[in-house]
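Worksheet for the structure shown next.
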Amino acid sequence: MEWLTDTWQTIVHTVEAVPYQLLSVWLLTGSLLLVGLIGSVVPLLPGPFLIFIAGILHSFLLPSAGMSWQGIVILCLLLVLAYFVDLAAGAMGARWFGASRWGIAGVFVGGLIGLFFAPIGFIVGPLAGGLLFELIFAKKRMAPAVKSTWGTLLGTGLGLIVRVFVSLAMIVTVLVDLLY
């Protein structure tokens, strides 16, 4: 029966020795990093922004173990890159496949209108906007208009992949800066 008492005392001592403030801040930071990574793929979750908030919030809650100013600057630059890629990828893909200025404007207008019809509007909005602007304003025939719309789809898909890699780079920046 003595082994049971010793085991219980060890468990109690271990639990009492845990710094719960430190543990809770790291749990919050880890949760925000994970949700941010998921949000870099899932619509309506601002993934890169949540990763940025994780680094800043950790630094605010634990100033002695927070991020350096160099890490915060790198995190800011990566955040700007993530949102630039997010906004420009569809238009760049459309341009690569021969879209006119009207088609690119349609991608942006369709993307803005698509925000109100989330989550399907995130995909359909830029595609429909680019196609309709090419057909109506640029007066293109159906085949070239569909080709530039296909470029919008490919550009958006490539932008999603780049956004995931930028989000991973942000997570690595936060963790490396916090742990080293």
| task | Please tell me if Ser40 is closer than 21 Å to Leu175 by Cβ and either surrounded by 12 or more Cβ atoms within 10 Å (Cβ to Cβ) or touching a residue at least 40 places away in the same chain (Cβ under 8 Å) (or both). | result | yes
| query | In the stretch 102-114, is there at least one residue being touching a residue at least 12 places away in the same chain (Cβ under 8 Å) and exposed (fewer than 15 other Cβ atoms within 10 Å of the Cβ)? | reply | yes
| task | State all residues of the stretch 57-80 that are surrounded by fewer than 17 Cβ atoms within 10 Å (Cβ to Cβ) and either in contact with an Asp or Glu (Cβ under 8 Å, 6 or more places away or on another chain) or not aromatic (Phe, Trp, Tyr) (or both); if no residue qualifies, say none. | result | Leu57, Leu61, Leu62, Pro63, Ser64, Ala65, Ser68, Gln70, Val73, Cys76, Leu77, Val80
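Can you find a residue that is touching a Gly at 6+ places or on another chain (Cβ under 9 Å) and either surrounded by fewer than 16 Cβ atoms within 10 Å (Cβ to Cβ) or of a type in the set (S, T, N, Q) (or both) anywhere in the stretch 81-89?
So far as the stretch 81-89 goes, yes, one or more of its residues are touching a Gly at 6+ places or on another chain (Cβ under 9 Å) and either surrounded by fewer than 16 Cβ atoms within 10 Å (Cβ to Cβ) or of a type in the set (S, T, N, Q) (or both).
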| request: Among the residues of the stretch 90-101, count how many are buried (at least 20 other Cβ atoms within 10 Å of the Cβ) and not hydrophobic (A, V, I, L, M, F, W, C). | output: 3
| field | Set Phe122, Phe165: member being under 30 Å from Thr29 (Cα atoms) and modelled with pLDDT under 85 | value | Phe122
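The values are calculated or read from the model by the stated rules, or taken from the named source; none is laboratory data. Please read these numbers as outputs of a predicted model, since none were measured by experiment. Here Cβ is always computed from backbone atoms with ideal geometry, including for glycine, and neighbour counts include all displayed protein chains.
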